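Report on one structure; see the data block that follows.
Read-outs throughout are calculated quantities, based only on the coordinates presented, and are distinct from any laboratory measurement. Just so we're clear, the structure is a prediction, and the values are computed from it rather than from any experiment. Here the Cβ positions follow ideal geometry from the backbone for every residue, glycine too, while neighbour counts run over all protein chains shown.
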Amino acid sequence: MNTSNMTATLATLLNRNSHPRLTDPGPDAEQLSVILRAAARAPDHGRLRPWRFVVITGDRREALGKFFQESLQLRGVTDEAQLAKALSAPMRAPVIIAGLLHAVAHEKISRDEQGHAVAAALHAAQLAADALGFGCVWRTGGYATDPHVVAALGGAINDQVIGFLYMGTREGSSKVLPEESVESLVSYF
Ligand SMILES: Cc1cc2nc3c(=O)[nH]c(=O)nc-3n(C[C@H](O)[C@H](O)[C@H](O)COP(=O)(O)O)c2cc1C
């Protein structure tokens, strides 16, 4: 496809990549509002709104790091290097959005399906951040399903973090996009 004919939307979709090295500034309040509105426009079977978004910035990242560290300790980790890494993990970006699945009991719409809606929302947030010029990376790890971390984020007992979106200004060069050979992944029925 001739990229000069590509709409900005398609260019964002086709060129998005993750950028783990992120620095100040992160999205401001107005930009965050756009990012979160994009997330909330994700497809959502039954309009159950099974997502909760928690924004972590500034010194609240240190508080989150403490919960990450405690999460490891509660799981029996004593290795100092691992504990120090957990403590500083949230400092890797100026803004983090935790996207939680808050599943609603429904006879037809499963928890899994509701989790897919949260994932769609997070992808939309990632694309919106990209369109606003910010880098982003989606992370999970053991913290995402740890009730200690989920409760600290204000989640309910069966909630889980579908993704921690780290976002900010890209530091260093972006990686070269891999060639996608979709042919091997697609068949026609
Ligand atoms: C559900 C989910 C969880 C992920 N968790 C992590 C993670 O914990 N750590 C990590 O380095 N990458 C994680 N990733 C992958 C990165 O966000 C990223 O997609 C990957 O490094 C590939 O880079 P790309 O997005 O530029 O193709 C996760 C992605 C998804 C969709």
Worksheet item: Which one of these does A39 not meet: (1) surrounded by fewer than 13 Cβ atoms within 10 Å (Cβ to Cβ); (2) in contact with a Leu (Cβ under 7 Å, 6 or more places away or on another chain); (3) within 20 Å of V161 (Cα to Cα)?
Response: (1)
Worksheet item: Is it the case that the stretch 37-52 has a residue that's within 16 Å of the ligand (Cβ to nearest atom), charged (D, E, K, R) and within 30 Å of S110 (Cβ to Cβ)?
Response: no
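Is it true that A98 is in contact with a helix residue (DSSP H, G or I) (Cβ under 9 Å, 6 or more places away or on another chain), closer than 20 Å to A151 by Cα, of a type in the set (G, A, S) and more than 16 Å from the ligand (Cβ to nearest atom)?
In short, no.
Only residues that are among the hydroxyl-bearing types (S, T, Y) and within 17 Å of G99 (Cβ to Cβ): list them for the stretch 12-47, please.
Step one: filter the stretch 12-47 for residues among the hydroxyl-bearing types (S, T, Y), giving 12, 18, 23, 33.
Answer for the stretch 12-47, where residues must be among the hydroxyl-bearing types (S, T, Y) and within 17 Å of G99 (Cβ to Cβ): S18, S33.
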Response to the item:
Reported set for the stretch 50-83 where residues are out of contact with any helix residue (DSSP H, G or I) (no Cβ under 6 Å at 6 or more places or on another chain) and under 19 Å from P25 (Cα atoms) is V54, V55, T57, G58, D59, R60, E62
Worksheet, complete the sentence: (1) under 29 Å from E171 (Cα atoms); (2) surrounded by 14 or more Cβ atoms within 10 Å (Cβ to Cβ); (3) touching a Pro at 6+ places or on another chain (Cβ under 8 Å) all hold for L72 apart from (3)
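If we scan the stretch 2-20, do we find a residue that is within 18 Å of the chain's Cα centre (by Cα) and more than 16 Å from the ligand (Cβ to nearest atom)?
Step one: list which residues in the stretch 2-20 are within 18 Å of the chain's Cα centre (by Cα), which gives 12-13, 15-20.
After this cut, where a residue has to be more than 16 Å from the ligand (Cβ to nearest atom) as well, the list is none.
There is no residue in the stretch 2-20 that is within 18 Å of the chain's Cα centre (by Cα) and more than 16 Å from the ligand (Cβ to nearest atom).
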Worksheet entry | Search result, residues across the stretch 102-149 that are in contact (Cβ under 8 Å) with a residue 24 or more places away in the chain, among the hydrophobic types (A, V, I, L, M, F, W, C) and out of contact with any helix residue (DSSP H, G or I) (no Cβ under 6 Å at 6 or more places or on another chain) | V104, A117, V118, A119, A120, L122, F134, V137, W138
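Working only within the stretch 21-31, note down all residues that are in contact (Cβ under 8 Å) with a residue 60 or more places away in the chain and either of a type in the set (D, E) or within 16 Å of the ligand (Cβ to nearest atom) (or both). Even if it seems obvious, please write down each step before you answer.
Applying the first criterion (in contact (Cβ under 8 Å) with a residue 60 or more places away in the chain) to the stretch 21-31 yields 21-27, 31.
If the condition is that a residue be in contact (Cβ under 8 Å) with a residue 60 or more places away in the chain and either of a type in the set (D, E) or within 16 Å of the ligand (Cβ to nearest atom) (or both), then R21, L22, D24 are the ones that fit.
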